[in-house]
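Okay, so here's the structure we're looking at.
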Amino acid sequence: MRLQDQPFVMLTMLLERAGNVVTREELRERLWPADTFVDFDHSLNTAVNKIREVLGDSATNPRFVETVARRGYRFLGEVQWEVQGEAKATTAPAADTAQKTVKHTELEIPVLHRGIPRALFGLIQVMYLVFYAVALIHWSEVEKISWLDTHAPLISIAVLVTAGVGIPVRFYFLSAAAFDYALLGDKFLKIFLGVLVLDQLWAVAPFLILNRIGFGAAFGATAALLYVPFAERTLIRMAYPRR
């Protein structure tokens, strides 16, 4: 995490008083001494924007740094302090004797830049879209397998219905993640049960090409795909934590 001196000092103040408001006056006294001539409002806004950029935060939907109108700023995340060894404490400056670890408020894991879980979530949607496209492009083979295995078009109907539902859902998730739709987290969790059912049905897709890849590969791929919807939920919670 790279920050210039003033944004770093400001973030340190917010972390030290996480959950409490750090007033603009306190920030002015700490960052700019009385004999310093500077455009205070502009410089303070620049420092806050730098912090939000590093944390992947936003002013309109803050998850870490909240603006308290006409008062100051407040750090919203949970902060845990890990004290370093005494040997280092004797030689390092006081500011370096404690290591700050910003934890995700729901998952108890280190906070990542929000772009990482959003990108991984988007790649999963692309994967399912490829599944749907391949199944529909090779529709004649799907019909053949359906009639041979069940003597009825049950598999064909299941593929057709779930692909018809899945394609718009995946495009919605993909576009929402790409444009960082603030309510994506809440909406995904509301329809997670339906997504779970849809994904579990497509988890058996490798068995449609059993004759090409063999039982072992089909079984392994299915086992991995069964976990994917839970991975999606975790990625959403990392990118869009509930306040």
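When we screen 174, 235, 225 for residues that are under 16 Å from residue 129 (Cα atoms), touching a Phe, Trp or Tyr at 6+ places or on another chain (Cβ under 8 Å) and surrounded by 16 or more Cβ atoms within 10 Å (Cβ to Cβ), the only hit is 225.
Looking only at residues in region 215-235 that are of a type in the set (Ser, Thr, Tyr) and without any contact (Cβ under 8 Å) to a residue 40 or more places away in the chain, the one that is farthest from residue 122 (Cα to Cα) is 222. Name the residue, out of 56, 19, 72, that is at pLDDT 85 or above, of a type in the set (Gly, Ala, Ser) and closer than 30 Å to residue 184 by Cα. Just one listed residue meets the conditions, 72. In this structure, residue 137 does satisfy being surrounded by fewer than 16 Cβ atoms within 10 Å (Cβ to Cβ), more than 30 Å from residue 77 (Cβ to Cβ) and either free of Cβ contacts under 8 Å to residues at least 24 places away in the same chain or not assigned by TED's automatic domain parsing to the domain that holds residue 63 (or both). Evaluate region 27-37: report whether one residue or more is modelled with pLDDT under 85, among the hydroxyl-bearing types (Ser, Thr, Tyr) and surrounded by 15 or more Cβ atoms within 10 Å (Cβ to Cβ). The answer is no, given that none of the residues of region 27-37 is modelled with pLDDT under 85, among the hydroxyl-bearing types (Ser, Thr, Tyr) and surrounded by 15 or more Cβ atoms within 10 Å (Cβ to Cβ).
Residues that are hydrophobic (A, V, I, L, M, F, W, C), touching a residue at least 12 places away in the same chain (Cβ under 8 Å) and under 19 Å from residue 159 (Cα atoms) within region 191-214 comprise 195, 196, 198, 201, 202, 203, 204, 205, 207, 208, listed in sequence order. Confirm whether residue 191 is more than 25 Å from residue 138 (Cα to Cα) and surrounded by 19 or more Cβ atoms within 10 Å (Cβ to Cβ). Spelling it out, it is not the case that residue 191 is more than 25 Å from residue 138 (Cα to Cα) and surrounded by 19 or more Cβ atoms within 10 Å (Cβ to Cβ).
The values are calculated or read from the model by the stated rules, or taken from the named source; none is laboratory data. None of these values were measured; they are calculated from a predicted model. Don't worry about glycine lacking a Cβ; one is built from the backbone with ideal geometry, like all the others, and counts go over all protein chains shown.
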